[in-house]
Amino acid sequence: MSFNSWKKYIEDGDLAVLYINRNTQSTAWIKSGEETNTRFGVFKHDDLIGKEYGSKVVSSNYKGFIYVLHPTPELWTMVLPHRTQILYLPDISFISTYLDMKPGSRVLECGTGSGSFSHSIARTIAPTGKLYTFEYHEQRTQVAQKEFDDHGLSDLIVLQQRDVCKDGFGLEDAVNAVFLDLPAPWEAIASAKKAFKQHRTGKICTFSPCIEQVSRSVQALYDHGFVDITMYECLSRDHDVSSMRKITFEEAIAAAKAKEPISVREPKSKSLKRKADADDTTPKYLISKAPVDCRGHTSYLTFATFLPAIQEDLSNDSAATTPQSA
């Protein structure tokens, strides 16, 4: 089963995402003769094989239904087994864009963890790119490698177990972008600088939950010659969308004279709303209201630019411009 390709029909041996509701999804390897139990009933895999991805499937005991979805990096982020803290979609999309990832890019990632970001990077740089990802923990490395193999990403991802803060990355003149998700990213910046393609501009990002980590990383980036150093924080904000009646000028004047308030919001009760829709022909419009407080801090994203090396041979330049004596 590959995360880089798309198929229309569910086959035996596929990995599928079972969408139960907005807050509940899970994964299942589809195998003939087996079944999956959920709170909405039992789903036999033989009933799923041959159906189109995205199909609505009713349980065999008619207790409910699910949607069977094709796996994507976005869905995998929502359902993967957490071995570490992971990156979520707002951070993933922002980092991928800012680091200018695209098909053919070569990317260095340090801190594989649960593989959430690795899956998104692999799809972005496919089919000719390469992701070099490093993990310190041996068991997490083994589990991540198995997942990459099972998901058809092993040709795009090179995974190594390595203490990069101590031993470096072992790469030189190899990558276009670097992402560091480490407790002490400043200790890996010197080695990361060597990993960049030395005659091309590159981008680096550090992912740090504490501002003290940001401060030390910024100093290390400055000391190693990086430019355009900046820091961002991604916060998700939900918008409450509601319908309001459009008040006419005559209605507003009448209400002002009577000193009575005008109700412009739609009633919350479904029965009252249906009655209002049937009786009222006044035009309506939608409004959006965001909450004052925005919670959900994950980490600070520190970006910087690597400038290509420019070698100048001053002696040769001097010899070329000095006129020969007679």
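Of the residues that sit in the stretch 5-59 and are part of a strand (DSSP E or B) and of a type in the set (S, T, N, Q), which one is most open to solvent (accessible area, probe 1.4 Å)?
Taking the stretch 5-59 as the starting set, the residues that turn out to be part of a strand (DSSP E or B) are 9, 15-21, 24-29, 35-38, 41-44, 52, 56-58.
This time we only want the ones that are of a type in the set (S, T, N, Q), so: 21, 24-27, 36-38.
Values: N21: 46, T24: 49, Q25: 44, S26: 39, T27: 56, T36: 28, N37: 107, T38: 32 Å².
Among them, the one singled out is N37.
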**Report entry** Test result for F169, in contact with an Asp or Glu (Cβ under 9 Å, 6 or more places away or on another chain) and of a type outside the set (D, E, K, R)
**Finding:** no
Query raised in the report: In the set L182, L159, L153, which member is open to solvent by 10 Å² or more (accessible area, probe 1.4 Å), aliphatic (A, V, I, L, M) and not in a strand (DSSP E or B)?
Result: L182
**Report entry** Residue count, the stretch 69-126 (criterion: open to solvent by less than 30 Å² (accessible area, probe 1.4 Å), touching a residue at least 60 places away in the same chain (Cβ under 8 Å) and not in a loop (DSSP other than H, G, I, E, B))
**Finding:** 12
Query raised in the report: Is it true that S191 is touching a strand residue (DSSP E or B) at 6+ places or on another chain (Cβ under 9 Å), modelled with pLDDT of 95 or more, of a type in the set (S, T, Y) and open to solvent by less than 50 Å² (accessible area, probe 1.4 Å)?
Result: no
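Tell me, which strands (runs of 3 or more DSSP E) wholly within the stretch 227-304 include 2 or more residues that are at pLDDT below 80, outside the structural domain of D91 (by the TED database) and open to solvent by less than 70 Å² (accessible area, probe 1.4 Å)?
240-245
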Query raised in the report: Is there any pair linking a residue in the stretch 34-47 that is acidic (D, E) to one that is surrounded by 15 or more Cβ atoms within 10 Å (Cβ to Cβ), with Cβ under 7 Å and at least six apart or on different chains, and which?
Result: E34/H45; E35/F43; E35/K44; E35/H45; D47/V57
**Report entry** Counted residues, the stretch 128-150 - those being among the hydroxyl-bearing types (S, T, Y) and open to solvent by less than 60 Å² (accessible area, probe 1.4 Å)
**Finding:** 3
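The values are calculated or read from the model by the stated rules, or taken from the named source; none is laboratory data. Only a predicted model underlies this, so the values are computations on that prediction, with no experimental measurement involved. Neighbour counts run over all protein chains shown; Cβ positions are idealised from the backbone, glycine included. Protein only, heavy atoms only, side chains kept; ligands, DNA and RNA dropped before computing areas. Shrake-Rupley method; radii C 1.70, N 1.55, O 1.52, S 1.80 Å.
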